[in-house]
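Novice: After the structure tokens below, expect a handful of questions from me.
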Amino acid sequence: MDKILIEDIERAPDKTLHYDFEGEIKELENCKVKSGLNIKSLGDFIEIKGTISGTITLECDRCLNKFDYDFDFDIDETYAKHSLYDEYSQEVELKSGQFITDLDGAKEIDIYDLLYQSVILALPNKKVCGINNCNEGLFVSDEDMEVHDERMDVFKHIQIEN
């Protein structure tokens, strides 16, 4: 049950449903998540609030080793049940907290997609496993303190012509 029907939200007591998800996000490498969401109808809008936590395997931007990254953050999303295009036909600047997903008359909300997008957007821009882990693949010679990284050997044989 990764999709919630809007009519189920409308029929629920206080027009609020609670949704728990525990599992893997298949599109991401080794990403296990646990989430608890409250989905509430607010007339023309649907509000989804809750938390998501878990672990994902990332590749370090410095040393290219894989490492596990733990995350834990809040979700606060608003959906418009009907198209907002007519109301906002002119260009408008969105500020923090004003982003609303337009369902454009859809009958359901894809919770799995919401969780997937939330994890993607919460990942750090620079993925680094830690300075100690990054030095494991390097060899430092005692004689000249030269740092040797085998991945760079390909550049030793490049011929540059004038």
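The values are calculated or read from the model by the stated rules, or taken from the named source; none is laboratory data. Note that the structure is predicted; figures quoted are calculated from it, not measured. In this analysis, Cβ positions are derived from the backbone assuming ideal geometry, glycine residues included, and neighbour counts consider all displayed protein chains.
Novice: Run down Asp20, Asp70, Asp76 and say which single residue is under 14 Å from the mean Cα position of the chain (by Cα), farther than 30 Å from Gly130 by Cβ and at pLDDT 90 or above.
Specialist: Working: Asp20 fails: under 14 Å from the mean Cα position of the chain (by Cα); Asp70 fails: farther than 30 Å from Gly130 by Cβ.
Only one candidate qualifies: Asp76.
Novice: Please specify each residue of the stretch 2-53 satisfying the condition of being of a type in the set (Phe, Trp, Tyr) and under 12 Å from Leu114 (Cβ atoms). Can you show your working first?
Specialist: Our first condition is that a residue be of a type in the set (Phe, Trp, Tyr); within the stretch 2-53, this holds for 19, 21, 45.
Matches in the stretch 2-53: Tyr19, Phe21.
Novice: Also, quick follow-up: Can you tell me which residue in the stretch 124-150 is modelled with the lowest pLDDT, limited to those that are in a helix (DSSP H, G or I) and surrounded by 10 or more Cβ atoms within 10 Å (Cβ to Cβ)?
Specialist: If we take residues in the stretch 124-150 being in a helix (DSSP H, G or I) and surrounded by 10 or more Cβ atoms within 10 Å (Cβ to Cβ), then Cys134 is modelled with the lowest pLDDT.
Novice: Picking from Lys34, Lys26, which residue would you name as being within 27 Å of Lys127 (Cβ to Cβ), in a loop (DSSP other than H, G, I, E, B), free of Cβ contacts under 8 Å to residues at least 40 places away in the same chain and over 12 Å from the mean Cα position of the chain (by Cα)?
Specialist: When all the criteria are applied, what remains is Lys26.
Novice: Could you count how many residues in the stretch 31-82 are exposed (fewer than 13 other Cβ atoms within 10 Å of the Cβ) and at positive phi?
Specialist: Selection size over the stretch 31-82: 2.
Novice: Look at the stretch 39-52 and say how many of its residues are more than 14 Å from Lys3 (Cα to Cα) and either among the hydroxyl-bearing types (Ser, Thr, Tyr) or modelled with pLDDT of 90 or more (or both).
Specialist: 7
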